[in-house]
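Down below is the structure, laid out as structure tokens.
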Amino acid sequence: MKTISKPLALTAAITLSLTASAWASSPKVADSGDAFTVLRLDQAPAHLDIQQVADQLQALNVDALTVGNVHRPADTADTSHVPDPLEALADQLGYTYRFISADPASAERRGSIVIARLPVEATSGVEAPGLDYLRLNDGRHVVALYTRSAEDSSGLKALVDASRVGAPAVLLGADAASAQAAGFQASGDATYSQGFQSSSSTAVKLRLDAGKTALKGTLVTLGYAAPVGGDTPWMDTALNADARARLIVAKMTDDEKFQMLHSYFGLGKDGGPLPEGAVGSAGFVPGVARLGIPSQQSADAGVGVTNPGGIRKGDHATAMPSGPSTASSWNPEVAFAGGATMGREAWQQRFNILLAGSVNLQRDPRNGRNFEYAGEDPLLAGRLVGESIRGVQSQHVISTMKHFALNDMETSRNFHSAEIGEQAMRESDLLAFEIALDIGKPGSVMCSYNRINGTYGCEHDYLMNQVLKQEWKFPGFVMSDWGGVHSGSKAALAGLDQQSAGEVFDKAVFFDEPLRLAVNGGVVPRARLDDMVRRILRAMFANGNFDLPPQHQPIDDAAGFAAAQRTVEEGSVLLRNANDVLPLGAEVKRIVIIGGHADKGVIGGGGSSMVGWTAKGTNAVPGVLPTTWPGPVIFHPSSPLEALRAERPDARIDYVDGRDVAAAARAAAAADVAIVFATQWSAESVDLPHMKLPDNQDALIAGVAKANPKTVVVLETNGPVELPWLQQVPAVLQAWYPGIRGGEGIAALLTGKVNPSGRLPVTWPVDASQLPRPEVNGLGFNPKHKPDDTIDYTIEGANVGYKWFAAKGLAPQFAFGHGLSYTQFSYDNLSAVSQGQRLVATVDIRNTGKVAGADVAQLYLKLPDGSATPIRLVGFQKVMLQPGESRRIRIEAEPKTLASFDTADKQWKIAEGRYELQLSRAAGEPLQSTPIVLSGGVVR
């Protein structure tokens, strides 16, 4: 259920500018009053004239158009169908189009269509198949529009209860019983509503062309209730977030406004007491009691809700797997569920802001913070992080999106300058942010520590004002990273809205007295001051901070464990499985587990994101160095040894710590299978000095493999590492940092209880010599050379990861997208349809093996010879199939991945020409290909 709000160039007799402005700006017709209007068509049109239809929609004041019981046959290799006329209409006008289906992956589409002309504030998605939710903003009011396309309405009430937040609501396509159960009343044929003052319906005929062809429909007009008024008009939930924020800002004093612009360190200064009202967290902004403004309580971070030092007695949270684990799932559903878990647990621990949403690209496997990120590709990273953000905010907790931008290395992160050209930046890191923003709609964006082309991230007018707020129309607020502010007026005028914990981490609280002086002196306009405050409050209103404030409650440990384990199971990558050593068969009766503290737990990353307090306790292996920042090194209490014993009670399973290679080899020789757990710790604020496993683990693996030819290696690492022993080890499983259910998830994968389906979100180099910067000064805790002032990303530009390897003709150890399964899949009959900026591919996929499993169909665009970027991932679809099952699936390309960014016009442009479309399991390894002609044009 992907939202498409981009125009499609059609041979229709209409100009976009005239039609769009006519529909968007026309006043309500005289007899409709202040109302929301829905046009429900009896059937979908087979064709339409856009000019004719647009004129009628304007005259009828249609806010949303809907059609139920739509059937679109699947394209095949021999037949391609004309694009949906309603989809073409929405694309031409630049409005939101939704096809709601219980099976969105299917090439044959059955469901309902919704087109909305109003801006969308929030949406549902992968978490609610067969249901749809759009939060629409008409400039003053907000409407929650729900559509049901599946017979099963079991999730409808839960979706409405979680998302409506008091807004006037409309339900389409439901039966009377399910509508009533969700709190709606009838407002016309198959249309239900709640929260409106009045309703009426009128039969209409929509002319489709200049002839007599017309479709019957019903126009439902729903009158808004009178404004709440009184002393607190901003508590009127029928108003949109912008209107509510404007009302409350108008009542604020200067002191109250400035109070909103800087947070305090929520853990206290220099070990002192917590700020009054803070619950113990990364950041705290006091509320304004007289106006009912709640305080802002911000918690770290991207892999779960932290509780630093156990400062909040009794609080604990789910330690989720690392970002690359989620990205390796290639499953937006997994990403959303993980985000929703973190958001729910944040809300239950009194937080209304979660410092999540890390979308920096992996340009170097030595970056110490890669474990928080989502890989190297802007489409994959942007889509999955966007879904994670949406998951967080589905729980009425603001999520950040960070670190904006190019914070791709930790070495000298507060000072180094990331050097890169504008086009390359837009087609790589910024594209990931743009996609995540479009999907997740985060309430806040966090600017980065580093400089970008010489300018600090939190003083960067181009990034914050020109790109984020103007081009991308971001309505929320920009907060700084902790220690990322260097000025008051300069930062405020460049687009920074809130300074984070400046009394502890910056040289001054620049957004207090220095900014007051700048405002009073006219250096910073008062309009900008109000804009800063309004953006913060707007995000709070939009995410339910006023209407559904967080409450201290016990968290649902079982639900958190389930989300974490699913991520491990779908996100671990089987890199190698020679001779089908895995899964462990019934004939394997003696197993030895070696190394990695696998008798105690699984390793996690260090720094501000570390979740140290869980339902299963805290650090399972205390004392591993470093024990101070950015440590301590943590092992989450989820023992692979104990989990494997639980899965295989019929086998003898021993443990050897691996410190003595000879002893480990002897134990391996006596076992049917030896499993070595290899770990690599990394952390925020410091990069890894090399790509090698630490602590002599390569020698341990080599010694064990020599003693037992059936050796399995389980890697728990920040990212790719050198594998000098690879050809001697038949099976390798990359488990990343697997979190609080890591042991159980790994055991399920090793035994075949779960079939591996993870695919690499990064290219796995052989060694550092294949990287754009083989040598980087200043890496590690005690570097031989001081860090450089700049990092030259112009070397690879937009060719990050697999694009760099393709451009340079390099062969990696494992390709981006690589991953094995315990079954096999075949693909056939690839076809594709392209019109304007829309490209849709369909293909048959079959499970030809003997066990159920999931595969990821990856769609790449091979660009013409001589192109700066040789290949791009443009779409993907993960599909679960039973043995022998076959399905025809659809993959829709992200339009911007088909285009290049024109820095002169500030537009994405598709170059007209002939390309090759590749259906692959990994980058550069096509299974099927087909030529495709793209018509040139601007992506909207």
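Tabulated data
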read-out	value
C-alpha center-to-center spacing [the range 97-136, the range 662-676] in angstrom	53 Å
For GLU569, net neighbour charge (Lys/Arg +1, Asp/Glu -1) across residues whose Cβ lies under 14 Å away	+1
Residue order, fewest to most beta carbons within 10 Å, for THR221, THR76	THR76, THR221
Qualifying lysines (Cα of each under 17 Å from Cα of LYS216; at least 8 residues distant if same chain)	LYS205
Estimated FRET transfer efficiency (ASN465, ARG659; beta-carbon r; R0 56 Å; 0.05)	0.50
The chain - percent relative contact order, Cα under 8 Å, separation 6 or more	11 percent
For VAL467, net neighbour charge (Lys/Arg +1, Asp/Glu -1) across residues whose Cβ lies under 11 Å away	0
Exposure proxy order (Cβ contacts within 10 Å, fewest to most) of PHE265, PHE677	PHE265, PHE677
Taking SER153, SER682, SER187 and counting other C-beta atoms within 10 Å, the order from fewest to most	SER153, SER187, SER682
Inter-part distance where the range 811-860 and the range 416-431 are each reduced to a Cα centre, Å	30 Å
Three-way shape call for the range 751-899 based on the alpha-carbon gyration tensor, with the a/c threshold at 1.5	oblate
Full-stretch length increase - THR455, ALA527 - with 0.36 nm per residue and alpha-carbon distance subtracted	23.4 nm
Difference of contour (0.36 nm per residue) and Cα-Cα distance, LEU291 to ALA559	92.8 nm
Unit charges on C-beta of K, R, D, E only; dipole of the chain, Debye	540 debye
Mean residue ellipticity (222 nm) of the chain, computed from DSSP H runs ≥ 4 via -39,500 (n - 2.57), nearest 500	-6500 deg cm²/dmol
Gyration tensor (alpha-carbon) shape descriptor, the range 233-542, a/c threshold 1.5	rounded
Cβ-defined net charge surrounding ASP865, 14 Å radius [Lys, Arg +1; Asp, Glu -1]	+1
Over 20 Å (Cα to Cα) - which of LYS157/LYS441; LYS469/LYS906; LYS251/LYS441; LYS269/LYS507 fall in this group	LYS157/LYS441; LYS251/LYS441
Sequence-distant lysines (8 or more away, or on other chains) whose Cα lies within less than 25 Å of LYS692	LYS600, LYS706, LYS710, LYS784, LYS786, LYS803, LYS808
Between the range 141-210 and the range 757-783, the alpha-carbon center distance in angstrom	52 Å
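Just so you know, all these numbers are worked out from the coordinates, no wet-lab data involved. Fair warning: this is a prediction, and the values are worked out from it, not measured in the lab. Every residue, glycine as well, gets a Cβ built from its backbone with ideal geometry; the counts of neighbours run over all protein chains shown.
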